[in-house]
Every structure is written in C-alpha cells, then in structure tokens.
1. Within region 34-44, is even one residue assigned to a loop (DSSP other than H, G, I, E, B), in contact with a helix residue (DSSP H, G or I) (Cβ under 6 Å, 6 or more places away or on another chain) and not charged (D, E, K, R)?
2. Residue check: is ALA63 in contact (Cβ under 8 Å) with a residue 24 or more places away in the chain, part of a helix (DSSP H, G or I) and not charged (D, E, K, R)?
Amino acid sequence: APWLTSLINYRFYTPIHAVLDDLISSGNLGLIRSDPLRFAIMDYDQERERLQVVEEREARFSAEQLEP
C-alpha cells in the first residue's frame, strides 16, 4: 500500500541546537537577564528531550512492526 510506504519513510524533525546546548551545559543560561525567557528556554529544552524519546519509540515501532 502506498500510504504504508510513506509512513515507513517518514523522517523526523531534527533541528540543530548547538547554541542552546552550549548555553545550558556551560551554565551560561544565567547570562540571560529575563526570567521568563530563561524559563521558556528550559521548558523548550525539556519538551525537546521528551519529544526525542517519543520519536525514538515511534521509529523503533516502525522498524519492528511495519517494515517487512
């Protein structure tokens, strides 16, 4: 089925977060004076990690259950 092929070939969104990762890992997030912005960055980072786990689980499912 063509729809199944397109589902299997789906590629996940993989943005590059070099600056964000550096800010967080170096402890330089404190250089940002705005509390709401710092909190938003941390929330974004946590959501990014959560979504990475979900995408990895979906990719495993696709590889194990859908691919011939």
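1. Here is the first cut: in region 34-44, the residues assigned to a loop (DSSP other than H, G, I, E, B) are 34.
Now drop any that are not in contact with a helix residue (DSSP H, G or I) (Cβ under 6 Å, 6 or more places away or on another chain), which leaves none.
No: region 34-44 contains no residue that is assigned to a loop (DSSP other than H, G, I, E, B), in contact with a helix residue (DSSP H, G or I) (Cβ under 6 Å, 6 or more places away or on another chain) and not charged (D, E, K, R).
2. No.
Bear in mind these aren't lab numbers, they're just calculated from the coordinates by the rules spelled out. Predicted model, so just to flag it, every value in this text is computed and none were measured. Cβ atoms come from the backbone with ideal geometry, glycine included; neighbour counts cover every protein chain shown.
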